[in-house]
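Here's the structure, in structure tokens; my notes come after.
Since every read-out is calculated from the coordinates, none of them should be taken as a lab result. Bear in mind that the values here come from a model prediction, so they are computed numbers and not experimental data. Virtual Cβ from ideal backbone geometry, glycine too; neighbours counted across all protein chains shown.
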Amino acid sequence: MPPRLGKLFSNSRIVAGLLVNLLSSICIVFMNKWIYVHYGFPNMTLTLVHFVVTWLGLFFCQKMNIFSPKRLRASNILLLALSFCGFVAFTNLSLQNNTIGTYQLAKAMTTPVIILIQTTFYKKSFSTKIKLTLVPITLGVVLNSYYDVKFNLLGIVFATLGVLVTSLYQVWVGAKQHELQVNSMQLLYYQAPMSSAFLLILVPFFEPLTGEGGIFGPWSLQALAMVFLSGIVAFLVNLSIYWIIGNTSPVTYNMFGHFKFCITLLGGYLLFHDPLSVHQGLGIACTLCGILTYTHLKLSEQDESKSRLAQRP
């Protein structure tokens, strides 16, 4: 394949992966919120359903020869599997206990935390300008969360834990794919069932199994259909996260995630009538200002890097 066509094909695949992640991520937020609000389906059980459907989806993919599994040692992906459980469970708990606005703004803190982790533990460097964009992002998140009419300590705790575990998870996804020389499907194929097993052990300690609110409770057909549909969407979310990080980087994935922030925030106000105070509006504006500046600087740095490489003899 000629180099130009190869580059175009590669860029098209990345754009397609980003679009799949955009649509599925927005859908899963609103579907999960709808399931919590209208059906009261238990959080950890919903997460377990998502894991199982993700693994089943990958099982059928490998049976259709879409990818070939690569044998991995369980010890190599143990921490990744645990962080995957925490990533989904804590973000779902944050969504359940916060408005969509606060939930989505809290997720914007993932970028600063990833930069901190990569700087501290992976010796990656970021420019001073990039680091300064973290100030308005952080300030905006704090302003919105504090003045949220549904502000509660439990919701903030879940949001904070979700950000920490999500940041670790995203860094490890990229690191493990490189370390183990596997693609996104091969890694997720082994990690999803391991995460399901961990969660299966925990569910009985935190949620009922039978009766009202239990997984084997008297759920309507409509509720079960919504839960299964959310599992299919979760499969697309999980797969696209792995694929994007494996083909770009955790920071690039989060940079793209800021576009989802705007759309999801608007949907929360329109679909669930989440109120918005003046202080929250200022917080959102502050965060968006930091996000746009950060995105502009990252793109400029990439262009400068390409220019320097092109000028080398």
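Listed by Cβ neighbour count within 10 Å, with the fewest neighbours leading, S94, S83, S300 appear as S300, S83, S94.
Ranked for footprinting exposure by Cβ neighbours inside 10 Å, fewest first, L199, L78, L221 give L221, L78, L199.
So what is the relative contact order for segment 37-159, in percent, with contacts set as C-alpha pairs under 8 Å and at least six apart? Could you put the intermediate results ahead of the total?
Values: 57 pairs, mean separation 40.8, N = 123.
Result for segment 37-159 is 33 percent.
Using the Cβ of L116 as centre and a radius below 14 Å, the other residues enclosed give a net charge of +3, where K and R count +1 and D and E count -1.
By the count of other C-beta atoms within 10 Å, a proxy for reagent exposure, W34, W172, W243 are ordered fewest to most as W34, W172, W243.
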